[in-house]
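The values are calculated or read from the model by the stated rules, or taken from the named source; none is laboratory data. Treat the numbers as computed from the prediction; the structure is a model and nothing was measured. Cβ coordinates were reconstructed from backbone atoms using ideal geometry, including for glycine residues, and neighbour counts include every protein chain displayed.
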Amino acid sequence: MHTVRVLLVALLVSLLVPAISLANTLSIAFLPFEIGGNLETWWWGTHEMLQGIPQRISDKLANDPNLIIIERARIDSILAEHNLQASGAVDSSTAVQLGKLIGADLLVVGTLNEFGFKNQGGLSIRGISLGMSNASVGISARLIDTQTGQILGSFSGSGQDSATSISVSSFNNISFGTSEFDNSVLGKALSKAIDDLVAKFKPALANAQTRLQKPEAVTGKVLAFSGDYIIVNLGANHGIKSSTRFEVYRLQTIEGLSEPIRIPVGKLDVISVDAGASVTVLSEGRDVQIGDTVTPF
């Protein structure tokens, strides 16, 4: 009997742990990079690379159990449906709009700031000059909270590599994502730049995950009215933020039922948050009353 109890407890724990982890997950979308500053695009494969850099960054974060990475195909489909273009030129208002459309808690946007190589003379062996090519790649990215449009962090990554002398024409027949590119001096420099950026990105991402954890299931009440404002007794101490919304419902006892049923009344948008209370406005429904129950969603 003791063994059976232990097995049952173990089974319950195994079922509960994924549910707890899921509650703390954040969804993140990586948008295509843009050309930064006055960088000249000399390589025909640059556009493909700008699409591929965020994919390589997301691949390195794919094993984070607290992240849901939104597929690139889904992002493209949603943006095309709404006639929008994903790019690195995202400000606070467009970040909030994109986040709602895509269903992402976080956006990552970035730029390619440096991509090229310089040739310099080298040794002369038996009359043959062996020069060197020094490649440099620089990228930067921003992590944006789609609820507020706030930039949670900015990061940069750089990479360098050297090889025997090459020319621009060497890349005429090389495509991004091929082994030829990955093994080239620029491909290796890009890989180092991505690793450098991800190393700086991870601590800020962990901090964002802590800050943006969704509030646990809590229940509050409508306390009072002040003009058009509705005061509820849930605040920052309960995980409520200025971006939180509340569902309002009224408990009604029905004869023959052991538990009261919930009658939906409306929805509230939070406009300011104190430690133990929030000021809200009615966004949907009507006839909200003092004592009605509220839950964040």
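Only one of the listed residues (SER169, SER184, SER154) is surrounded by fewer than 16 Cβ atoms within 10 Å (Cβ to Cβ) and over 15 Å from ASN113 (Cα atoms). That residue is SER169. Does at least one position in region 233-245 carry a residue that is part of a strand (DSSP E or B) and either hydrophobic (A, V, I, L, M, F, W, C) or in the same structural domain as ILE151 (by TED's automatic domain parsing) (or both)? The answer is no, given that none of the residues of region 233-245 is part of a strand (DSSP E or B) and either hydrophobic (A, V, I, L, M, F, W, C) or in the same structural domain as ILE151 (by TED's automatic domain parsing) (or both). Considering only residues in region 67-101 that are of a type outside the set (A, V, I, L, M, F, W, C) and not in a helix (DSSP H, G or I), the one that is modelled with the lowest pLDDT turns out to be GLY88.
Matching residues to (1) of a type in the set (Val, Ile, Thr); (2) modelled with pLDDT under 95; (3) part of a helix (DSSP H, G or I); (4) surrounded by fewer than 19 Cβ atoms within 10 Å (Cβ to Cβ):
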{"position": "ASP196", "(1), (2), (3), (4)": "no, no, yes, yes"}
{"position": "PRO203", "(1), (2), (3), (4)": "no, yes, yes, yes"}
{"position": "ALA208", "(1), (2), (3), (4)": "no, yes, yes, no"}
{"position": "ALA224", "(1), (2), (3), (4)": "no, no, no, yes"}
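Within the bounds of region 171-181, is there any residue that is assigned to a loop (DSSP other than H, G, I, E, B) and at pLDDT below 85? Yes, region 171-181 has at least one match. Selection of first residues in region 34-46 that are more than 15 Å from SER170 (Cα to Cα) and of second residues that are assigned to a loop (DSSP other than H, G, I, E, B), restricted to Cβ pairs under 8 Å at least 6 apart or on distinct chains, gives the following pairs, ordered by first then second residue: GLU34/SER87; GLU34/GLY88; GLU34/ALA89; ILE35/THR41; GLY36/GLY88. Cβ separations smaller than 6 Å between residues 6+ apart or across chains give the following pairs from region 66-80 residues that are over 18 Å from GLY52 (Cα atoms) and among the polar types (S, T, N, Q) to residues that are surrounded by fewer than 17 Cβ atoms within 10 Å (Cβ to Cβ) and at pLDDT below 85: ASN66/ASN24; ASN66/THR25. The requirement of being assigned to a helix (DSSP H, G or I), out of contact with any Lys or Arg (no Cβ under 9 Å at 6 or more places or on another chain) and under 23 Å from GLN160 (Cα atoms) is satisfied by ALA189. Restricting the first member to region 203-214 and to residues that are closer than 14 Å to THR244 by Cα, and the second to residues that are part of a helix (DSSP H, G or I) and at pLDDT below 70, no beta-carbon pair is closer than 6 Å while six or more apart or on different chains.
What pairs come up if the first residue lies in region 256-270 and is under 12 Å from THR295 (Cα atoms) and outside any strand (DSSP E or B), the second is modelled with pLDDT of 85 or more and of a type outside the set (A, V, I, L, M, F, W, C), and their beta carbons are under 7 Å apart, counting only those six or more places apart or on different chains? From residues that are under 12 Å from THR295 (Cα atoms) and outside any strand (DSSP E or B), there are no pairs.
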